[in-house]
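Below: one structure, written as structure tokens.
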Amino acid sequence: MSFLSLDAINKSFAGVPVMRDATLAVREGEFMAVLGPSGCGKSTLLQIAAGLLPPSAGTVRIAGRAITAPPPEAVYVFQQYTRSLLPWRSVRDNVAFATEHRLGKRRARAIAEETLAQVGLSGFGDHFPWQLSGGMQQRVAIARALAAEPAILLLDEPFSAVDALTRLDLHALFLDIWSRRKLTVMLVTHDVEEAIYLADRIALLTYRPSSISEIFEVGLPRPRDPITTRALPQFLELRQTLLQKLLARPDA
Amino acid sequence: MTSRLRNASGFALVLALLLLWEVSARLGWVASPNWPPFTAVVAALARDVMTGEIPLLVGGTLWRMAAGLFAGGVAGVVLGLAFALLPFVARLFAPIVELLRPIPVPAVIPPLVLFLGLDDTMKVTVVALTVFFPVLTNTVQGVRAVEADALAMGRTFGIGALRRALFIVLPASLPYILAGFRIALALALVVAVVAEMIAGEQGVGHYLVMMQFAGRAEEIYATVLLLGMLGYALNRGFLLAERRMIHWWFALGRQSDA
């Protein structure tokens, strides 16, 4: 039984269909990547999965329940940390923001310290987000998401706004957290290598009106290494296949 | 270094003009009983401050101004938030606001006098009306500038609408709201004094008119000077408070008018 299922999702903006019958099932504990070119509605699909955006037709189920609002099991992580972190709150209070409405300020702050330690940011609680580097800010956003103890994380290209080396660093950190916490993950990205390196399966999203056209098993052994995994024949083969699919336009 | 020099040159011009004032009065370049020398004005100001007459008047004016600023400001922020967050409120109130906004506030003093009398209630209301519109407009603008991601972030963590309004929307729009208050602050002093000049027997405005009738030029200039300094001090104080309240905004490289 899948943990997150998107069933025949349709979405139109101002009468223009952008998504047609997108169907996808993410298993419990699975790392699912949704790969697609820019502007194909990846974020739209993810926001629908998070209950942040209502679909025009179709059903989203999380843990077997059809959802119409953001469910407590799921947390959405945004691409632009500068927009989703609150600049008037310290790093600690940004993380605490995820839980203080449920647990109160004291408990929320204690949890914030714990999750900040897990992303390697102990001692940065009193800083403000804008005093940190981009990679560190994205760690704060990840810590905030983890503080809510979600069963499923919905990642909207969270590694795309940082430089290449920082990205590898965040990948390693995130894979570690994912395996230790036994999270279910749905990641949308346009980065083929990122999708292969991180995911168990990769769903390919077509151009508008978009839908899931194919699903690929990655099948690479874990734990994965940022350098050697990328040199495996299996990795390169899948990379080539996926790039060919992405570059093949419907009108070409 | 150059900017320091530039500041110094601006200050020098002020001193030069004050000197010109002094000399023109002392040497009779402007021979009029209505043109007392600057030093005499300062002496008059010092005298009236010492007797406690001026501080009392200024205190009254400032109190009415502050009360109006508070009432109009709170109303502006609350209605501004409601305007921007609740579409039906905007639909209901927008036409009224647009019709009332262009009316010059001093023009509503006579009708307000009929209903509220000559005293504090009327003057505080006049100031509140003045403050209300710029604060309202800026609050609405501020709310529109809130990042959509910040609001969606609140929703993904299951934070309710009221809490999102108080802990995301309000702080995020605070720089805009404070900009509205800064405009309102200057207007509030103007309107408070004008209201006192037009009606009642209170405050600096009334004192100014009395001195004019009595032909006491020194006191008139002393009062004007005092109001100038008061306005300057209020603005500086406000800017300092603003720096503290939204330090993050300045740290992010946003410009202030300071």
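Annotations
- Of the residues B:71, B:46, B:90, the single one that is free of Cβ contacts under 8 Å to residues at least 24 places away in the same chain and either farther than 23 Å from residue B:196 by Cα or within 16 Å of the chain's Cα centre (by Cα) (or both) is B:90.
- Within region B:24-41, residues that are within 15 Å of residue B:212 (Cβ to Cβ) and not assigned by TED's automatic domain parsing to the domain that holds residue B:226 have Cβ atoms under 7 Å from residues that are exposed (fewer than 15 other Cβ atoms within 10 Å of the Cβ) and aromatic (Phe, Trp, Tyr) in no pair, counting only partners at least 6 apart in sequence or on another chain.
- Residues (more than 14 Å from chain A (Cβ to nearest Cβ), within 24 Å of residue B:182 (Cβ to Cβ) and open to solvent by 70 Å² or more (accessible area, probe 1.4 Å)) located in region B:96-155: B:98, B:100, B:101, B:102, B:103, B:104, B:141, B:144
- Residue A:237 vs. criteria assigned to a helix (DSSP H, G or I), of a type in the set (Asp, Glu) and crowded, with 18+ Cβ neighbours inside 10 Å: no
- Check on residue A:143, within 14 Å of the chain's Cα centre (by Cα), surrounded by 21 or more Cβ atoms within 10 Å (Cβ to Cβ), assigned to a helix (DSSP H, G or I) and among the small types (Gly, Ala, Ser): yes
- Residue match in region A:130-139 (condition: under 15 Å from the mean Cα position of the chain (by Cα), open to solvent by 10 Å² or more (accessible area, probe 1.4 Å) and under 19 Å from residue A:225 (Cβ atoms)): no
- Every residue from region B:156-182 that is within 13 Å of another protein chain (Cβ to nearest Cβ), farther than 15 Å from residue B:85 by Cβ and open to solvent by less than 20 Å² (accessible area, probe 1.4 Å): B:156, B:157, B:175, B:178
- Filter pass, residue A:170 being touching a Pro at 6+ places or on another chain (Cβ under 9 Å), away from chain B (no Cβ under 13 Å) and part of a helix (DSSP H, G or I): yes
- Residues that are open to solvent by 40 Å² or more (accessible area, probe 1.4 Å) and either closer than 16 Å to residue B:141 by Cβ or aliphatic (A, V, I, L, M) (or both), drawn from region B:76-92: B:78, B:79, B:85, B:86, B:92
- Only residues that are assigned to a helix (DSSP H, G or I) and touching a residue at least 40 places away in the same chain (Cβ under 8 Å) were counted in region A:173-208, giving 11.
- From A:69, A:57, A:49, residue being on the phi < 0 side of the Ramachandran plot, surrounded by fewer than 17 Cβ atoms within 10 Å (Cβ to Cβ) and within 12 Å of chain B (Cβ to nearest Cβ): A:69
- Residue satisfying all of: in region A:91-119; within 10 Å of chain B (Cβ to nearest Cβ) and outside any helix (DSSP H, G or I); farthest from residue B:247 (Cα to Cα) among these: A:99
The values are calculated or read from the model by the stated rules, or taken from the named source; none is laboratory data. Worth saying up front: this structure is predicted, and the values here are computed from it rather than measured. Because the Cβ atoms are built from the backbone with ideal geometry, glycine has one as well, and the counts that use them run over all protein chains shown. Note: areas computed on protein heavy atoms with side chains; ligands, DNA, RNA excluded. Shrake-Rupley method; radii C 1.70, N 1.55, O 1.52, S 1.80 Å.
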